[in-house]
Amino acid sequence: MACLHDYLTASARQRPEHVALEDPGVAEITYGELDMLSNRVRDRLRRMGVREGDRVGIALRKSIDSVAAIFGIQKCGAVHVPVDATGPVERSALIFENCTVRAAIAEARLAESLAERMGDREVALLPLDYESGPLPLSRALEALDAKDPAPVGQDASRDPEELAYILYTSGSTGKPKGVMISQRNATAFVDWCSIAFAPRD
C-alpha cells in the first residue's frame, strides 16, 4: 500500500458489506459506509480551504467519527494531528498552534475554547455535537451540505515519503514535542501488525 487511505479503499472494494468498526451500544459501520463517510470529510475539508500538505487537528473521542475523520484528512492529502479530547484544552490548543493547523475537527464542547486559545490565526473548525446523539459527523456534514454543498472530488495521490500524521508526546521537559510520521512509516507499522496479529476477515 502506498498510503494509509489505500487500506480503506481496498477493503471497501473487496468487502463493502463487512462491519469495519463498532461503537458498542452506539452504532456500527461497514467498510463501504466508512469509505463514503470519509469521502464526504475529504470534500468538506477542501471546501473549508484545506490543501495538500496542510495540517488538520482532531480533538475527538475514540469513535467511528474519529476514524472517518482520519481517513478523510488522509484522502484530502493533508496531515492529521490528533490530541486527547479529554485532556486540557490549553495543551490541545498549544499543539494545534505549534504545527499551524489549517483546520480542526473537534467536539463542539471544545471548539470555542480551542479557537480562543489559538491566537490570531484563522482556523476553520468543524464542530461535532455529541450531546445531540450518536454519529454527529454525518449530521454535521448533512447540515453543511444543505447550506453549502461541497463538490465531490478525488483522493489525493500521496508519496510514501510525505507526512501522514504528527504525534505529540510530553517529552523529557513536559512540553509537547511533535514526532513526524511518514506514509511509509505508517504503512510499515500496519503491515507489521497484520503479520504479527494475523487478524481474521
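Taken together, the values in this text are just the output of simple stated rules run on the coordinates, not laboratory data. It should be emphasised that the depicted structure is a prediction, and the values quoted were computed from it without experimental measurement. With ideal geometry, Cβ positions are generated from the backbone for all residues, glycine too; neighbour counts draw on all protein chains shown.
A straight Cα-to-Cα reach below 19 Å connects LYS147 with the aspartates and glutamates ASP43, ASP129, residues fewer than 8 places away in its own chain not being considered. Counting only aspartates and glutamates at least 8 places from LYS175 when in the same chain, those with an alpha carbon closer than 16 Å to its own are ASP84, GLU90, GLU97. A straight Cα-to-Cα reach below 24 Å connects LYS177 with the lysines LYS62, residues fewer than 8 places away in its own chain not being considered. Placing +1 on the Cβ of every Lys and Arg and -1 on the Cβ of every Asp and Glu, with no other charges, gives the stretch 1-137 a dipole of roughly 440 debye about its Cα centre. When the Gaussian network model of the chain links Cα atoms closer than 10 Å, the mean-square fluctuations of ASP120, ASP84, ASP145 top out at ASP120.
Taking only the Cα atoms of the stretch 90-144, how large is their convex hull per residue, in Å³? Spell out each step's value before the answer.
Values: hull volume 4.5 nm³, N = 55.
Value for the stretch 90-144: 81 Å³ per residue.
Only one residue of SER157, ILE95, TYR31 has its Cα farthest out toward the positive end of the dipole of the chain, where Lys and Arg carry +1 and Asp and Glu -1 on Cβ, and that residue is ILE95. Considering only ARG13, ARG55, ARG46, the Gaussian network model of the chain with Cα springs below 10 Å gives its largest mean-square fluctuation to ARG13.
Test of understanding: in a Gaussian network model of the chain with alpha carbons linked when under 10 Å, which of THR100, THR30, THR169 would top the mean-square fluctuation ranking? Result: THR169 has the largest fluctuation of those listed. Counted over all Cα-Cα pairs of the chain, pairs farther apart than 20 Å make up 57 percent.
When only DSSP loop residues count, what GluC sites (Glu not before Pro) in the stretch 108-197 have their Cβ near at most 12 other Cβ atoms within 10 Å? All intermediate terms of the calculation are to be shown ahead of the outcome.
Working: sites: GLU112, GLU116, GLU122, GLU131, GLU142, GLU161, GLU162; in loops: GLU122, GLU161, GLU162.
Taking the stretch 108-197 and a limit of 12 other Cβ atoms within 10 Å, the loop GluC sites (Glu not before Pro) found are GLU122, GLU161.
Report the net charge of residues surrounding TYR165, where surrounding means a beta-carbon distance below 13 angstrom and charges are Lys +1, Arg +1, Asp -1, Glu -1. Neighbourhood net charge equals +1. Note on the stretch 116-201: Rg/Rh from Cα positions, Kirkwood definition for Rh, rounded to two decimals, is 1.06. Once the Cα-Cα distance is subtracted from the 0.36 nm per residue extended length, the ASP129 to VAL26 segment shows a gain of 35.6 nm.
With contacts taken as Cα pairs under 8 Å at a separation of at least 6 residues, the stretch 89-160 carries a relative contact order of 27 percent. Given axes a ≥ b ≥ c from the Cα gyration tensor, I'd like to know whether the stretch 7-74 is rounded (a/c under 1.5), prolate (a/b larger than b/c) or oblate. Note, shape of the stretch 7-74 comes out oblate.
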